[in-house]
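The structure appears below as structure tokens.
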Amino acid sequence: MIVSLRIFLAVLVFIIGIFSIFTPASAAKIESIKSSSGITAWLVHDPSMPLISMNFSFRETGASLDPEGKGGRANMVSALLDEGAGDLGSQAFQRQLENQSIQLSFNAGQDSFGGSLKTLNKYRDSAIKLTALALTKPRFDKDAVERIRAQILTGLKSRSSRPGYIASRVWSKAIYGKHAYARPITGTQKSVEGLSVEDLKSYVLESFSRDRLIVSVVGDMTASELKPMLEKVFGGLPAKAPRRKIQNANLRSKGALIVVKKDIPQSVVIFGQKGVTRFDPDFYAAYVMNHILGGGSFTSRLYNEVREKRGLAYSVYTYLSPRRAAPLLAGRLSTANDRVAESLRVLREEWQRIAVKGVSEAELKNAKKFINGSFPLRFSSSDRIAELLATLQYYRLGPDYLRNRRHLINAVSLSQIKKLAKRVIDTEALTITVVGDPKGIKATGKVPLVDY
């Protein structure tokens, strides 16, 4: 296995080297376009294929703003917007998408609601019309609503017995408490059963407005063509809608080990603590530090210490969740029940080691090389570029971010990471949820009450 891993890493480094020749700055010239009514969009003109990919989203909306007892409302809307709009019923709407190979989808996050469109140029007019209808005149017909509700409920019932889902739900409740982030985006069986058509319609009226709109387009389209398209797709939306900002979460400051007993051969472990927001001045130091700790897959400390050296876990990783209202540094591992205790011991040791000692010069150098070298892999398709551009706008990073990102990563220093680690990393604040039948560990926290 070690030999094959080395071969894989060697090949990966070669691929990254090839891709790094094509820098994002040279591959994507971003134009900022404004329509006649003031709708703005980022455009990357690419005439190599006769198609466009569009990504759009609405700020300050999403599942976190679902009213109490109405969890899953935003998610259900996302599943129903292409199930009939205007004078087209569900079958007619779907048939037109399929017959013209138009890819239209919607998704609900905790803090935003978005969608994507991909279409050949010859079907562009039809795709524009369908997208506009879905956003401004969704039907929410009874048969479609009940069919989608049944699908969501089936999924919730299926997931409710899965260890990974249970671990995620219990951990979220433990770390977020009563905050809206503790609720799943998909809602619960009880909340989804109680959603009405009026609930869905009210979400559209409250959430879709031009003042919170983010749009990016990649493909065979010029600026002069994009301006009227923006009006056709989004011009029918209200100029403004009332805004309701999510309150900051009071994240758990004292850690706990929570065990959910389940008669299964291996345990799922979710762990984490408070992190940093995307707007923290040390965000890039946190990004590099997380890569070294557990975000760097085969090259991370946790992977090497937990899996490679000791063979304790099948998988282990960490990630940053930089939400303004509740930033996290969290992770997950899966292991046999009799190896949970040892895995947690190593996890805590590595958490503490990076807090006290920071990282080495070699680790920092390798992390920067990997992070910068792998970034162009995100430019592998027009869809992914459009999604990336929308993300940049969401965080207000500006078009020059693609050019500056390498320098921001390279500017991270050993002392900066060490200072950040001492400020942020806290082994005593680690909240850990274990679902399974772990041996040799003792719970220090109660299992919170969770609805599924």
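Every number in this text was worked out from the coordinates using simple rules, so none of it is lab data. Everything numeric in this text was worked out from a predicted model, so none of it was measured. Quick reminder, even Gly has a Cβ in these numbers, built from the backbone with ideal geometry, and neighbours come from all protein chains shown.
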Treating only the Cβ of Lys, Arg, Asp and Glu as charged (+1, +1, -1, -1), what charge dipole size does the stretch 251-436 show about its Cα centre? Round to the nearest 20 debye.
340 debye
Provide Met54, Met221, Met49, Met229 in ascending order of the number of other Cβ atoms located within 10 Å of each residue's Cβ, fewest first.
Met49, Met221, Met229, Met54
On C-alpha positions alone, give me the angle between the axis of helix 142-159 and the longest principal axis of the chain, in degrees, nearest 10.
10 degrees
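Compute the relative contact order of the stretch 29-234 as a whole-number percentage, counting only Cα pairs closer than 8 Å that sit 6 or more residues apart in sequence.
39 percent
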Residue pairs, from the table Lys357/Lys442; Lys245/Lys422; Lys254/Lys442; Lys418/Lys439; Lys29/Lys365; Lys201/Lys245, whose Cα atoms sit over 23 Å apart:
Lys357/Lys442; Lys245/Lys422; Lys418/Lys439; Lys29/Lys365
Shape category assigned to the stretch 202-285 from the gyration tensor of Cα positions, a/c cut at 1.5
prolate
Structure-derived semi-axes √(5λ) of the Cα gyration tensor in Å: which label, when the choices are (i) 35, 25, 20; (ii) 38, 29, 20; (iii) 35, 27, 23
(ii)
Kindly state, to the nearest 0.05, the FRET efficiency for Glu198 paired with Thr154, given R0 = 25 Å and r defined as their beta-carbon distance.
0.55
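From Cα pairs below 8 angstrom and at least 6 apart in sequence, can you work out the relative contact order of the stretch 251-436, rounded to a whole percent?
The normalised contact order for the stretch 251-436 reaches 39 percent.
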What ranking, highest mean first, results for peptides 139-146, 242-249 when packing means the other Cβ atoms within 10 Å averaged over each residue?
139-146, 242-249
Against the longest principal axis of the chain, how steep is helix 361-374, in degrees 0 to 90 to the nearest 10, with axes from Cα atoms?
20 degrees
When a/c is below 1.5 the answer is rounded, else prolate if a/b is larger than b/c, else oblate, so apply that to the stretch 183-340 with a ≥ b ≥ c taken from the square roots of the Cα gyration tensor eigenvalues.
prolate
Ordered by fewest other Cβ atoms within 10 Å, a rough proxy for footprinting exposure, Tyr452, Tyr181 read Tyr452, Tyr181
Quickly estimate the mean residue ellipticity at 222 nm for the chain, helices only: each DSSP H run with n ≥ 4 gives -39500 (n - 2.57), and the total goes over all residues, rounded to 500.
-13000 deg cm²/dmol
So if I take the centroid of the Cα atoms in the stretch 149-211 and the same for the stretch 398-419, what is the distance between those two points in Å?
36 Å
Between helix 223-234 and the chain, what is the angle of the helix's C-alpha long axis to the longest principal axis, kept within 0 to 90° and rounded to the nearest 10?
90 degrees
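When the dipole is taken about the Cα centre of the stretch 35-133, and only Lys, Arg (+1) and Asp, Glu (-1) are charged at their Cβ, what size is it in debye, to the nearest 20?
Its charge dipole is roughly 240 debye.
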Mind ordering 380-386, 74-80, 158-164 by average Cβ neighbours within 10 Å, highest first?
74-80, 380-386, 158-164
Can you list the residues, at least 5 places off or on another chain, whose amide H is less than 5 Å from the amide H of Ala256, using H built in the peptide plane?
Thr431, Ile432
Other-chain or far-sequence residues with amide H under 5 Å of Met221's (modelled H)
Asp46
Any idea what the relative contact order of the chain is, in percent, if you count C-alpha pairs under 8 Å spaced at least 6 apart?
22 percent
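How big is the dipole moment of the chain about its Cα centre under a simple scheme where the beta carbon of each Lys and Arg is +1, that of each Asp and Glu is -1, and everything else is neutral? Debye, nearest 20, please. List each step's numbers first, then the result.
On the way: 67 positive and 40 negative charges, 269 e Å.
The dipole of the chain has a size of about 1300 debye.
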From the Cα gyration tensor of the stretch 25-116, with a ≥ b ≥ c the square roots of its eigenvalues, which class applies: rounded if a/c is under 1.5, or else prolate if a/b is larger than b/c, or else oblate?
oblate
Where does each of His291, His407 land when they are ranked from fewest to most other beta-carbon atoms within 10 angstrom?
His407, His291
